[in-house]
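Laboratory data are not the source of any read-out in this text; all were calculated from the coordinates shown. Note that the structure is a prediction, hence the values are computed from the model and not measured. Cβ: placed from backbone, ideal geometry, glycine included. Neighbour counts: every protein chain shown.
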Amino acid sequence: MRVPMIAGNWKMNTTVSEAIELVNEMRQGLDEIDGVDKVICPPFISLAAVYGAIKGSSVRLGAQNLYFEEKGAYTGEISPLMLADLCEFVIIGHSERRQYFNETGEMVNKKILAALRIGLKPILCIGERLEENEAGRTEEIITEQLRSSLAGVDYPGSLTIAYEPVWAIGTGKAATGEQANKTIGFIRGKIAKLYSDGIAQDMRILYGGSVNADNIAKFVQQPEIDGALVGGASLKATDFVSIVKQTSQIRANLSKES
Ligand code: PEP
């Protein structure tokens, strides 16, 4: 059975001292929970401090982005090599990067290849916009995003996919559990076609979009959904711990039943 993952995307929130405070608030509660991979993704500037603060704990660290070159004259960018010192995971292709920073499918692909090359575990975000959803184009958009993001990736290995319908991110309008499960099942089918059944069955596919402590249960009880990428609710320690705890309990009950 796939181990579920709950990843917190802190986005452009928290100063360094606030980041340390937040991680200290959630660390103990998270350490008491088993059976879930717990990942936090603070802003770049806080990664080193948070790395120190989670030493010896079960909390794992991710970045929110990276540049695909290893080093050189790319003012303001952060390379895979720099991140690999501190992080295990890296979010790639988040819709906010596609929308506000014009990240194309080609750039996302270069980032995925660069992350895998250095041994970082990518969390690849894909998802359709509202108008695409309303036009019934969800599967077409997702197929194209998978094709372009994974071009030249022979073996996706440690890669996790986060299905994040853009209309659900930060809007308070989460997808239903059934909707998300159906699309994630579709994504798994595409991965099976691109690679193999075994790779598709092993790959974690998360849901993301307005997940909180009140609605996490309806996602993680779905068979295809392996956890969540959480934005806003990951900034409140009690909410984030509750999301992880519910995931652990629901998954433990489901595996007892099966
Ligand atoms: C996200 O940033 O990936 C996200 C899903 O945000 P939110 O949970 O706030 O919708």
When restricted to Y67, Y74, Y51, the only residue away from the ligand (no atom under 16 Å from the Cβ), assigned to a helix (DSSP H, G or I) and aromatic (F, W, Y) is Y51
Tabulated pairs, the range 230-258, first under 15 Å from V3 (Cβ atoms) and without any contact (Cβ under 8 Å) to a residue 60 or more places away in the chain, second surrounded by fewer than 19 Cβ atoms within 10 Å (Cβ to Cβ) and polar (S, T, N, Q), C-beta under 9 angstrom, 6+ apart or interchain: I250/Q221; L254/Q221
Would you check if there is a residue in the range 199-211 being of a type in the set (A, V, I, L, M, F, W, C) and farther than 23 Å from A151 by Cβ? yes
Any idea which residue in the range 97-116 is surrounded by the most Cβ atoms within 10 Å (Cβ to Cβ), counting only those that are out of contact with any helix residue (DSSP H, G or I) (no Cβ under 7 Å at 6 or more places or on another chain) and farther than 15 Å from E69 by Cα? R98
Is at least one residue of the range 204-213 farther than 24 Å from L22 by Cβ, away from the ligand (no atom under 14 Å from the Cβ) and either part of a helix (DSSP H, G or I) or of a type in the set (D, E, K, R) (or both)? yes
Could you tell me how many of the residues in the range 143-170 are closer than 16 Å to G208 by Cβ and either touching a residue at least 60 places away in the same chain (Cβ under 8 Å) or surrounded by fewer than 13 Cβ atoms within 10 Å (Cβ to Cβ) (or both)? 6
Among (1) assigned to a helix (DSSP H, G or I); (2) surrounded by 19 or more Cβ atoms within 10 Å (Cβ to Cβ); (3) among the β-branched types (V, I, T) - the single one I45 does not satisfy: (2)
Which one of E131, E178, E140 is part of a helix (DSSP H, G or I), more than 16 Å from the ligand (Cβ to nearest atom) and either within 18 Å of E96 (Cβ to Cβ) or touching a strand residue (DSSP E or B) at 6+ places or on another chain (Cβ under 7 Å) (or both)? E131
